[in-house]
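Remarks on the structure that follows.
The values are calculated or read from the model by the stated rules, or taken from the named source; none is laboratory data. Note that the coordinates shown come from a computational prediction; the quantities given were computed from them, not determined experimentally. Cβ placement follows ideal geometry from the backbone for every residue including glycine, while neighbour counts extend to all protein chains displayed. Just so you know, the surface numbers come from the protein's heavy atoms only, side chains and all, with ligands and any DNA or RNA stripped out. Shrake-Rupley method; radii C 1.70, N 1.55, O 1.52, S 1.80 Å.
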Amino acid sequence: MLTRVKSAVASFMGGMMAGGPNGDHPGGSDLPLKFPYSRPEFLGLSPDEVECSADHVARPILILKETRRLPWSTGYAEVINAGKSTLNEDQACCEVLVVKRRPAESSTPNRTPMTRRRSSLPNGEGLGLRECLENSEDLTLHYWALFDGHAGSGTAVMAARLLHHHIALHLQEVMEILCNPNLQAPTCLGEEPINHHLTPTSQRALTRAASLRGAAGAPGSPSTPPTRFFTEKKVSHESLVIGAVENAFKDMDVQIEKEKAVYNVSGGCTALVVVYLLGKLYVGNAGDSRAIIIRGGEVIPVSSEFTPESERQRLQFLAYMQPNLLGNEFTHLEFPRRVQRKEVGKRMLYRDFTMSGWAYKTIEDDDLKFPLIYGEGKKARVLATIGVTRGLGDHNLKVHDSNIYIKPFLSCCPEVKVYPLAQCEHGADDVLVMGTDGLWDVLSNQEVAEAVTCFLANCDPDDQHRHVSLVTQMQPPVGPELPLTPVLFTAQDLVMRARGVLKDRGWRISNDRLGSGDDISVYIIPLMYGNKQN
């Protein structure tokens with residue numbers, strides 16, 4: 001087992017299997033591609049430009065050709081990795097979608113429930129809450145997404161093309177409820193909503209009277225409704241949107257698994273999406289990308305990363321309940337380091353799924369197996385293979401040179417957090433920052449906030465290009481400090497400062513720190529445009 005693990009670790013880059021029979025590397029399948037590799041559609045790159053962008057030495061910067069192609073004057077920039085993978089495995093998508101009401105005769109969601117309005121209304125103006133409430137016909141949403149692929153780009157490309165369609169389908173099912181703020185979600189679709197203007201006392205009296213009539217089979221009341229011996233939960237509109245995003249992720253993952261049978265859909269990906277709907281931002285995250293809001297110079301985290309360490313107890317509990325998933329080669333217990341044969345019978349620190357602290361146990365032969373979770377920080381791995389615990393795809397991923405599947409331990413379910421944008425006033429410098437882990441591996445939330453605040457403070461608040469330049473200046477400048485002005489810093493220069501400068505010892509940022517060698521993708525979303533929607 002030790003030799004196998006060493007071999008697996010030696011074949012990894014960035015914590016992921018680069019290829020081989022157990023992975024689904026693009027070069028390892030004769031099946032046709034579901035979608036061809038490309039960079040985000042909104043970049044408007046030609047095939048030659050896409051090819052030129054994959055230079056791991058120069059690491060050229062990709063930015064928007066037309067700054068008005070994204071809603072809310074959103075800024076975007078990306079850079080390829082320093083050689084970790086042949087292609088840039090990050091993907092991005094940004095759309096303004098109009099979800100159409102389901103036809104009355106249809107009992108299933110419309111399979112083409114939306115139209116795209118990104119180009120005609122680049123800043124999303126006039127697409128807000130008021131339109132939905134007045135017409136009650138369409139539901140408009142703004143959508144930004146980042147996908148960080150691994151072991152191939154196929155899954156990330158597919159998710160970037162299709163995930164927003166799944167979200168629209170699930171929102172279409174509940175749009176009539178969402179468009180009526182006074183209507184509570186019925187427990188069963190088609191049921192008459194409960195009259196919530198009744199006082200709690202009269203509601204209880206009516207429910208009890210109905211129960212007495214029905215429970216005793218009172219004569220003369222054959223049409224008495226079924227007895228209710230329980231109180232129904234009130235489900236908010238916000239919860240319906242959260243559920244739509246969660247189910248969309250699950251449907252996307254199921255579709256990826258099905259498509260793998262007939263197409264080459266390589267690898268897996270993390271997914272971070274932001275949906276603006278009816279005055280609120282819904283941030284769904286499955287993986288280790290991150291989103292933060294910077295408001296008045298302060299940081300408001302709106303996502304959490306999912307890693308082997310952060311989800312240790314969930315993973316250990318699954319392994320404890322289904323030990324067959326470990327293939328008799330791993331243990332669900334965690335130890336501070338690998339247990340050695342000579343330590344059998346001794347007392348050693350350990351913890352299991354019930355524990356957040358540590359205790360001592362007597363080491364047994366079973367404890368010599370490789371730990372389910374091993375390593376710390378960015379080096380932590382599940383089954384010695386993967387460094388993230390939530391995302392899409394990875395259905396064929398196995399432990400190196402074994403038949404142990406890793407997918408059972410990976411969840412496609414996102415955590416969805418809600419930010420009440422319409423309830424807060426936002427200035428020109430208040431933004432939401434979305435980034436793949438290539439950004440956050442080298443910068444803290446506070447460092448990003450300081451860079452954003454400092455840059456925007458030196459820009460004209462009316463300059464809509466300021467965020468396009470900003471997205472690439474997420475790391476402190478290398479070398480002497482220079483005045484931050486839009487004229488001095490082109491977008492390309494700002495990207496250079498974000499990834500660092502190539503020196504003898506690799507890419508370096510300020511204070512000679514190691515720069516990011518990973519793919520980096522960043523959105524900067526000005527929140528003041530969200531307030532204009534209402």
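Brief remarks on what is shown
- Distant-in-sequence amide H partners of THR331 (H built 1.01 Å from N, under 5 Å): PHE370, LEU372
- Net length available on complete extension from VAL254 to GLN184 is 22.2 nm, with 0.36 nm assigned per residue and the Cα-Cα distance removed.
- By a 1.4 Å probe calculation restricted to protein chains, GLU364 has an accessible surface near 110 Å², given to the nearest 10.
- Remark: segment 345-352, residue by residue, has Karplus-estimated 3J(HN,Hα) of x, 8, 9, 9, 5, 7, 7, 10 Hz, where x stands for each Gly or Pro and the curve is 6.51 cos²θ - 1.76 cosθ + 1.60 at θ = phi - 60°.
- ARG68, ARG338, reordered so the largest accessible area comes first (probe 1.4 Å): ARG68, ARG338
- Rough spin-label spacing in nm, given labels placed 7 Å along Cα→Cβ, for ALA58 and ASP366: 5.8 nm
- Here the label points at ASN458 and GLU376, each 7 Å from Cα along the C-beta direction, are separated by 3.7 nm in the simple model.
- Working ranking of peptides 348-356, 512-520, 292-300 by packing, defined as the average number of other Cβ atoms within 10 Å per residue, highest first, is 512-520, 292-300, 348-356.
- Amide H within-cut-off set for ARG295, under 5 Å, with H built and near neighbours excluded: ILE300
- Partner lysines whose Cα lies under 16 Å from the Cα of LYS250, excluding those fewer than 8 positions away in the same chain, are identified as LYS258, LYS260, LYS407.
- In summary, the lysines within cross-link reach of LYS342, defined as a Cα separation below 26 angstrom excluding same-chain residues under 8 places away, comprise LYS6, LYS361, LYS369.
- Taking all protein chains together and a 1.4 Å probe, the residues ASP251, ASP288 rank ASP251, ASP288 from largest to smallest accessible area.
- Extension gain, MET355 to SER510, is 51.8 nm, computed as 0.36 nm per intervening residue step minus the present C-alpha separation.
- Inter-centroid distance (Cα atoms) of segment 279-297 relative to segment 56-96, Å: 19 Å
- Rounded accessible area per residue of segment 379-419, 1.4 Å, Å²: 32 Å²
- Between the amide H of SER411 and those of ARG390, GLY391, distances stay under 5 Å, these residues lying 5 or more places away or on another chain, with hydrogens modeled in the peptide plane.
- Probe 1.4 Å, all protein chains present, accessible-area order of MET528, MET321, MET252, largest first: MET321, MET528, MET252
- Spacing of the two label points (7 Å from each Cα toward its C-beta) at GLU329 and CYS424, in nm: 4.7 nm
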